[in-house]
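Written below as structure tokens is the structure these notes are about.
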Ligand SMILES: Cc1cc2nc3c(=O)[nH]c(=O)nc-3n(C[C@H](O)[C@H](O)[C@H](O)COP(=O)(O)OP(=O)(O)OC[C@H]3O[C@@H](n4cnc5c(N)ncnc54)[C@H](O)[C@@H]3O)c2cc1C
């Protein structure tokens, strides 16, 4: 075996790549071993028949501070979705859009609000729930925590705005329908949705990890693909990594997803939530709306659906459009059921859309139950550090921050 590296990182997801860049910039000899055939982990994009299919529908919020610390957001060429939702209930569809960002949709939004979607009691209750997070986020971070449903009940948010809009919308974002997720986390996330304009990079979500990998390599990190690590064993003053390419290092950062953590470290596996995304190709005559659409009656497994290429034209070949429809994996249903619901959400043409792919992702997001924990320890032993969204919050920001904290721990700054 060759001389030990300063640091070996297992996993080239966002957390591992961010840690690699920081450590290589600090002058450490860094090697990254990734089991997959490309970097990115849960953030991969495949080109299928000219469509760009992310591995599960996801969005990137440029308001994440950790994102701006890691990359120049301009490098991602982000296409922002409209800030609002289209809500389908039976035969009617209504729009609720941010009035300042989309003044052109104001008449539709006013009509939507008066359609029975938003009662005045709901407006007061929603303000009671969200305003503290907007004005003083620290009060939410440091305050008592409960489940999101309990927080809504307590704020008096019990009407159609909750049932038909917030519940389906946040169910897709949290991979949970709110009865188990930390209200503090969900509320801070809703704050970022209210303040930012989430979108997708023109060339797919893989743009972010690819950019992180470029930065890591430019700083001197050696990223090796298709190199699964089978064991992490501390021997005196070094750590041996077993697998296709055994090597040793002075320290290791285990930056694998929650599902692979315990096999390598013995740490308990964090509970994970599953998502399912169906990808459909349409002809030129796709629905015109670029808004994320939710089924306000929850008439089937789909929690949200969106015509990706209305916002990011590069996701579909010329003359065609790409539609995503996401479900909780636990509610997975057959294609006939999904198409029937899509027909209710988008109209009859959905019945003939071409099914491009279905992504079942059992370990999409770590569960974040109350009370919201910040900063789970990253250092396990003198030589073993862990990183990943399961250490922070179930998000891109959480993964990036965990990579920063792991690097700081190795540099003795944590
Ligand atoms: C469907 C879906 C929707 C999402 N939506 C959003 C969203 O809208 N907004 C948001 O902020 N976040 C979203 N997320 C979450 C976000 O993608 C993740 O939080 C983030 O990508 C996690 O990065 P990570 O580095 O912690 O882990 P991962 O991406 O899981 O990276 C771990 C890496 O370790 C590698 N690995 C595992 N075992 C080994 C081994 N033995 N040897 C070598 N390598 C190994 C894996 O191959 C992987 O590359 C979504 C995730 C999914 C799946």
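Give just the number: which of (1) in contact with a helix residue (DSSP H, G or I) (Cβ under 7 Å, 6 or more places away or on another chain); (2) more than 19 Å from residue 54 (Cα to Cα) does residue 293 not satisfy?
Of everything listed in (1) in contact with a helix residue (DSSP H, G or I) (Cβ under 7 Å, 6 or more places away or on another chain); (2) more than 19 Å from residue 54 (Cα to Cα), residue 293 misses just condition (2).
Among residues belonging to the range 179-226 that are assigned to a helix (DSSP H, G or I), in contact with a strand residue (DSSP E or B) (Cβ under 8 Å, 6 or more places away or on another chain) and under 21 Å from residue 80 (Cβ atoms), point out the one that is farthest from the ligand (Cβ to nearest atom). Break it down stepwise before answering.
Here is the first cut: in the range 179-226, the ones assigned to a helix (DSSP H, G or I) are 183-195, 207-218.
Next, only the ones that are in contact with a strand residue (DSSP E or B) (Cβ under 8 Å, 6 or more places away or on another chain) stay: 183, 207-208, 213, 216-217.
Filter once more, so that each one left must be under 21 Å from residue 80 (Cβ atoms): 207-208.
Values: 207: 13, 208: 9 Å.
Per the stated criteria, the residue is 207.
Report yes if residue 52 is more than 22 Å from residue 250 (Cα to Cα), more than 8 Å from the ligand (Cβ to nearest atom) and at pLDDT below 95, otherwise no. Working first, answer last.
Working: more than 22 Å from residue 250 (Cα to Cα): yes; more than 8 Å from the ligand (Cβ to nearest atom): yes; at pLDDT below 95: no.
Considered against the rule, which asks whether it is more than 22 Å from residue 250 (Cα to Cα), more than 8 Å from the ligand (Cβ to nearest atom) and at pLDDT below 95, residue 52 comes out as no.
How many residues are more than 16 Å from the chain's Cα centre (by Cα) and under 27 Å from residue 133 (Cα atoms) when one looks only at the range 184-212? Spell out the reasoning first.
Here is the first cut: in the range 184-212, the residues more than 16 Å from the chain's Cα centre (by Cα) are 184, 194-195, 202-203, 210-212.
This time we only want the ones that are under 27 Å from residue 133 (Cα atoms), so: 184, 194-195.
Of the residues in the range 184-212, 3 are more than 16 Å from the chain's Cα centre (by Cα) and under 27 Å from residue 133 (Cα atoms).
Filter the range 47-72 down to the residues that are touching a strand residue (DSSP E or B) at 6+ places or on another chain (Cβ under 9 Å) and under 24 Å from residue 222 (Cα atoms) and list them by number.
Of everything in the range 47-72, just one residue is touching a strand residue (DSSP E or B) at 6+ places or on another chain (Cβ under 9 Å) and under 24 Å from residue 222 (Cα atoms), namely 67.
For the range 322-370, give me each residue that is closer than 27 Å to residue 201 by Cβ and in a helix (DSSP H, G or I).
Once the filter is applied, which keeps residues that are closer than 27 Å to residue 201 by Cβ and in a helix (DSSP H, G or I), the range 322-370 yields 329, 338, 342, 345, 346, 350.
If you check residue 402 against the conditions, is it buried (at least 16 other Cβ atoms within 10 Å of the Cβ), touching a helix residue (DSSP H, G or I) at 6+ places or on another chain (Cβ under 6 Å), under 19 Å from residue 256 (Cβ atoms) and at pLDDT 95 or above?
On the way: buried (at least 16 other Cβ atoms within 10 Å of the Cβ): yes; touching a helix residue (DSSP H, G or I) at 6+ places or on another chain (Cβ under 6 Å): yes; under 19 Å from residue 256 (Cβ atoms): yes; at pLDDT 95 or above: yes.
So residue 402 fits the description; yes.
Evaluate the following for residue 377: is it part of a loop (DSSP other than H, G, I, E, B), more than 12 Å from the ligand (Cβ to nearest atom) and not assigned by TED's automatic domain parsing to the domain that holds residue 265?
Numbers: part of a loop (DSSP other than H, G, I, E, B): yes; more than 12 Å from the ligand (Cβ to nearest atom): yes; not assigned by TED's automatic domain parsing to the domain that holds residue 265: no.
Here the answer is no, as residue 377 does not meet what is asked.
Identify, by number, the condition in (1) under 28 Å from residue 249 (Cβ atoms); (2) modelled with pLDDT under 95 that residue 370 doesn't meet.
Answer for residue 370: the failing condition is (1).
List the number of the failed condition for residue 47; all other conditions in (1) surrounded by fewer than 23 Cβ atoms within 10 Å (Cβ to Cβ); (2) over 17 Å from residue 402 (Cα atoms); (3) in contact (Cβ under 8 Å) with a residue 40 or more places away in the chain hold.
(3)
Can you work out which of the residues in the range 242-265 that are closer than 24 Å to residue 414 by Cα and part of a strand (DSSP E or B) is farthest from the ligand (Cβ to nearest atom)?
250
Tell me whether the range 73-83 contains one or more residues that are modelled with pLDDT of 95 or more, within 11 Å of the ligand (Cβ to nearest atom) and surrounded by fewer than 17 Cβ atoms within 10 Å (Cβ to Cβ).
no
In the range 228-252, how many residues are touching a helix residue (DSSP H, G or I) at 6+ places or on another chain (Cβ under 8 Å), surrounded by 15 or more Cβ atoms within 10 Å (Cβ to Cβ) and over 12 Å from residue 5 (Cα atoms)?
First pass over the range 228-252, keeping only residues touching a helix residue (DSSP H, G or I) at 6+ places or on another chain (Cβ under 8 Å): 229, 231-232, 251.
Adding the requirement that they be surrounded by 15 or more Cβ atoms within 10 Å (Cβ to Cβ) leaves 229, 232, 251.
If we keep only those that are over 12 Å from residue 5 (Cα atoms) as well, we get 229, 232.
Number satisfying all stated conditions: 2.
Listed residues 274, 319; which is at pLDDT 95 or above and not in a loop (DSSP other than H, G, I, E, B)? Break it down stepwise before answering.
Numbers: 319 fails: not in a loop (DSSP other than H, G, I, E, B).
Answer to the check: 274.
The values are calculated or read from the model by the stated rules, or taken from the named source; none is laboratory data. Source: prediction; values computed, not measured. Heads up, the Cβs are rebuilt from the backbone with ideal geometry, glycines too, and the neighbour counts pull from every protein chain shown.
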